[in-house]
Structures are given as structure tokens and as C-alpha cells.
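Before any comments, here is the structure.
The values are calculated or read from the model by the stated rules, or taken from the named source; none is laboratory data. Computed from a predicted structure; not experimentally measured. Every residue, glycine as well, gets a Cβ built from its backbone with ideal geometry; the counts of neighbours run over all protein chains shown. Only protein heavy atoms, including side chains, enter the accessible area calculation; ligands, DNA and RNA are left aside. Shrake-Rupley method; radii C 1.70, N 1.55, O 1.52, S 1.80 Å.
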Amino acid sequence: MPVKTSLESQTRPVSSTEPTTITIAYGDGIGREIMEATLSILEAAGAELKYEEARIGEQVYLEGHTSGISPESWEVLRRNRAFLKGPITTPQGGGYKSLNVTIRKALGQYANVRPCRAYTPYVESNFPDMDLVVVRENEEDLYAGIEHQQTAEVVQCLKLVSRPGCERVIRYAFEYARAYGRRKVTCMTKDNIMKHTDGLFHKVFDEVAREYPDIQSDHYIIDIGSALLAARPSQFDVIVTLNLYGDIISDITAQVAGSVGLGGSANIGDSVSMFEAIHGSAPDIAGKGLANPSGLIHAACMMLTHVGQPRVAERIMNALLRTLEDGIHTADLYNETFTRYRANTKEFTQAVIERLGQAPQKLKPAKLGDGAKPIQVKVKPYTASNKKLVGADVFLDWAVGQRDPNELGHALEQIAGSHLQLKMITNRGVKVYPNGLPETFCTDHWRCRFVSVDSKLNPKGTGMLHTAPVPYGEIVALLQRLADAGLNFIKIENLYEMNGERAYSLGQGE
Ligand code: NAD
């Protein structure tokens, strides 16, 4: 359904471009108030846009659609390149899925982008020079949502990281830096611990960084990186990181900048991208005219740049900054020193519209210009690895007697057969057999590593000196022998060598 904005467009500049159709959804709580405000400003600023509405949110959940979007709205979303979304209320309790996660994953929105800057002194922050962007991988990592309870005591969550997943978001971060005139991209991982998953992200980062010699690059381990973000955020420019770390640091940065209520974010996909404020539906102030529309206005500016209208975005951002500077503040931003007029949502909106064409005088103006072109990312084809099966980690649910690892180890030595040997047993990653320490606490979850009898690690630990490949049939036969012996296996992970390199981690103490 096309949506008309209420405002007359006397201030609207004449333009010859074809309007871009975007999807909008009002959402819940303060959603309608801030969306109407944003659409008025877009129209007054001369954005060449047409709108189609999608139905999402609390009412749709309560109608029985567990992901919060009505079935017919998917078609609307898929038709248009950009989706401007109001905040929604997720009903409490059973069975409701996060709408954002559903949309991101279903539409392949691989990068979450959150610019974060300080607006001091008008919005309080200890870091007036802070102006950074967090680009977060959006589909993988622990957010694949693959979790299992495996034994009475142990649950697991699978961390999935793919090469194309890393490359797309990292390339996006570098392209973003170029398009927006930023000088540095910082990668954050925990690859000192997760050498294969986070290690892949870091490795792909180094590969991609070499293709952008005009942009500086560096890497921090996520813990010290986060600490520096909280203590010296001004030293960062663009940050790219995995999903979970990105989720956490983007909230830290917004908080440190003092701009949670003003921030916008983008979820970027190849065909459909979604733009929204970072705050929620604020049911406590809904319908009272108190809502600050700045977060959604900011998101709309990101969307305008994405659809090729950066000049309009710049105009709106600068009018918004000027409004803040002029001391026209909604209640959430009120402060005795700088607020000259405490505005309701409509008055604030009108103040922004009146300032279109003006620039801030103290705050750094937004400069998007024509350089900020829509960003296209292409992942390079990757040649398949030479992959050899060299063993298996078999996970057992075992809680017999005193849980003595030696008892389990001796039993497994007998069961290993003629092609495989028991290399070690670990409990929560720590080696407990052979030669474990009696102090190590053992749960009922045991990882038992079987490798080819004809194998030897090279002294550097990077691969095998020589390994006889293990036929799949041998692993199946091993599982059968375990079952026959009454041992309860809960899963296996095959062990591979890829291009002659060990493609699995060693146990602690292995
Ligand atoms: P919230 O962000 O909605 O509100 C937190 C506080 O900030 C409240 O006091 C609120 O009044 C205030 N606030 C938020 N936005 C404001 C604005 N634009 N202007 C003035 N004040 C504002 O967070 P919450 O209360 O934890 O969540 C409320 C609902 O929003 C929940 O159902 C939650 O699931 C949902 N939520 C949705 C999204 C989204 O749609 N992307 C994001 C976060 C939370």
C-alpha cells in the first residue's frame, strides 16, 4: 500500500531522478510517531522516494506469525532494495522469534553497520572526538543458533564461520572506509584462543587489507580492543568483527558516545538492506509526543546514501546537527546548559525541516557528497582444498563410577581397532588421558580422539609428517563397536587435513 506523508513539500528542491521505491514499516510503541516525523523530513529534503508498507510487529506476532512479519509482507520486502523499519515490541514468552534475526538471515544481510559519534557538548560524552563505525558480521558465528543439550550436564552452541562470510563483511568494511573517506580499518578477534574460527576471520582480513593499500589496517584481540574502545574510542575509525563481539562492542560504543537514542544502523544485503534506529519501541512514552525521532532519521540518511542519494542524506544530517546545536531538544536530551527549547516530536521535526540547507556551526558537519556511492561487494571464488580424512573425535556421554578417565581410556584402547588408535581423551577441552591430572574436574562429556594408526604430527604441530588416510567405513565400524560395548556416543567430528595442514585444534595438553 503506498503511503503518503502529511507534509506539504514547499521546501522540496526540484530533481529529475526516478523515485526509488522503498519498504517502510511503522512498528510498535513510538514507531508510528518517529516514522511519520522521518517521512516528513525526507519529503521536505527532496528525497526521491516512493513507499510500500510492510506489516510487522506485535500485532502480527499475536495473530500467530511466530517471526513477527505477515506472510504477504515478504513479497513487499523482496521487491524493494531498502527497508526502513520502525522499532517493534517483541511479546514476552514462548515461541516468538526475533524479527530482526529472521529478516537478516532470510535476506542474506551480511553486514551490520553502526556509525557512532559524539555530539558533545549537546549530548554528554567523555569523548568529544569520537567518530567511528562498527561493521559487524551478521549471519554466522554463535548466532547460527545451533545449540544442543548433549548430556545431562553439558550443552553446546556451534560457532560457524565461513570464508565467504568473512570475506564479504571485511570487503564491505574496506569499501565503506573508501566511500566515506575514512582512513583505517581495525579487525578484532580472539584468534589467540580460537585459532581456526577467529583465525580464519583474521587471515581473510589480512588478505583483503593487502588489496586496499590506501587504507591503514590493524588488528586487536577483542578483549584489549574493547577495553581501548571504552577508554580511548577516538583512536578507532572503522572496526570490523565477528557477530557476537560486534553485538557487544556496538552497544559499548553507542553508550560511550552517549548517543544510544540518536543512533541508526543498517543491515546490508546484496538485494535488500534494512535500516532502523538502534533503540526499541519505548512503550513507556508511546503516544505522548515525547519520542526523539533522531535515531530513525539517522537510519533514513544511511538508507538514502545506500540508494544513491547522499546529497539529500547530508542535507538532513546537517539540519539535524544544527537543530541539536540550536538547543532544540526532545525531553530525553534535555539539559539545563544547552537546551533552549524542550520540543515534542512534532516541534522537533519541524525544527529540523526549517534548518534544511543549513550546516552546524560547532559540531563537525556531515560530509557525504557524491563519493559515498552505494557499495557493491564481490567475493572472490575460492579453490576447494585437498581434503584428507585422518581420524575422528567421538564425543561420549559417560558417567560411570568415579568417572576415572583411565578406566574409559583403557576400554577405548581395546575398541579402537586396527586402523585407528586412541590419541587422547579430553574433558571440556583439557587432556585427561593419557597422563591426566587427578585435580582436573570431569563432567559427563568426553571427547575421545581417534587417529589413523599410521600417523605422526610434525614437531611444529602444523600438520602430519605422514598420515595414512582413514576410510569412512572405519569410522562407522568404530561407532558400531562403541555402541556394542554399551558406550553412548553423542556426536562425532571428523578430523581432516586440508592441503597438508592440520584442520582441527589440538587438545589443551595434547
Ligand atoms: P527501548 O530502547 O525501547 O527503551 C529504553 C528507554 O529509552 C526507555 O525509557 C525509553 O522511553 C527510552 N527511549 C527509547 N527510544 C527513545 C526515543 N526515540 N526517544 C525518547 N526516549 C526513548 O528499550 P526497551 O524498553 O528495553 O524495549 C522496549 C521494546 O522494544 C521491547 O519489546 C524490546 O524487545 C523492543 N526492542 C526492539 C528493537 C528493534 O525493533 N530493533 C530494539 C530494541 C528493543
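Data for the structure
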quantity: Cross-link pairs 159/431; 380/431; 388/431; 346/373; 97/203; 159/378 - those with Cα-Cα distance over 30 Å; calculated: 380/431; 346/373; 97/203
quantity: Accessible carbon and sulfur surface of the chain relative to its total accessible area, %, 1.4 Å; calculated: 51
quantity: For the stretch 129-138, 3J(HN,Hα) per residue [Karplus equation, 6.51 cos²θ - 1.76 cosθ + 1.60, θ = phi - 60°, Hz, x = Gly/Pro]; calculated: 8, 5, 7, 9, 10, 9, 10, 10, 5, 10
quantity: Prolate/oblate/rounded label for the stretch 239-286 (Cα gyration tensor, a/c 1.5); calculated: oblate
quantity: Where labels lie 7 Å past Cα in the beta-carbon direction, separation of residue 383 and residue 193 in nm; calculated: 3.6
quantity: Computed FRET value (nearest 0.05) for residue 477 with residue 157, which takes r as the C-beta separation and R₀ as 45 Å; calculated: 0.90
quantity: Gain on full stretching of the segment that runs from residue 271 to residue 399 - 0.36 nm per residue minus C-alpha separation; calculated: 41.0 nm
quantity: Sites residue 63 and residue 150 - FRET efficiency at Förster radius 35 Å, r taken between beta-carbons, to 0.05; calculated: 0.45
quantity: Beta bridges per DSSP with both ends in the chain, % antiparallel, nearest 5; calculated: 65
quantity: Other-chain or far-sequence residues with amide H under 5 Å of residue 292's (modelled H); calculated: none
quantity: Protection proxy ranking of 159-170, 402-413 - average other beta-carbon atoms within 10 Å, highest first; calculated: 159-170, 402-413
quantity: Heavy-atom surface of the chain, accessible at 1.4 Å and reported per residue (Å²); calculated: 45
quantity: Rel. contact order, % - alpha carbon contacts under 8 angstrom, at least six apart, the stretch 126-257; calculated: 38
quantity: Highest-first arrangement of 343-351, 73-81, where packing means the average Cβ count within 10 Å; calculated: 343-351, 73-81
quantity: In Hz, Karplus ³J(HN,Hα) per residue of the stretch 391-397 (6.51, -1.76, 1.60; θ = phi - 60°; x = Gly, Pro); calculated: x, 7, 9, 9, 9, 10, 9
quantity: FRET efficiency, residue 228 to residue 203 (Cβ-Cβ, R0 22 Å, nearest 0.05); calculated: 0.45
quantity: Residue 288 versus residue 184: modelled label distance in nm, points set 7 Å from Cα along the beta carbon direction; calculated: 4.2
quantity: Whole-Å distance, taken between Cα centres, linking the stretch 128-151 and the stretch 378-447; calculated: 29
quantity: Sorted peptide list for 355-364, 445-454, criterion being average Cβ within 10 angstrom, highest first; calculated: 445-454, 355-364
quantity: Sum of -39500 (n - 2.57) over DSSP H runs of 4+, divided by residues of the chain (222 nm, nearest 500); calculated: -9500 deg cm²/dmol
quantity: Label-point separation, residue 70 to residue 501 (7 Å along Cα→Cβ), nm; calculated: 5.1
quantity: Net charge of Cβ neighbours under 15 Å - reference residue 252; Lys, Arg +1; Asp, Glu -1; calculated: +1
quantity: Aspartates and glutamates whose Cα lies under 17 Å from that of residue 50, excluding same-chain neighbours fewer than 8 positions away; calculated: 8, 18, 36, 75
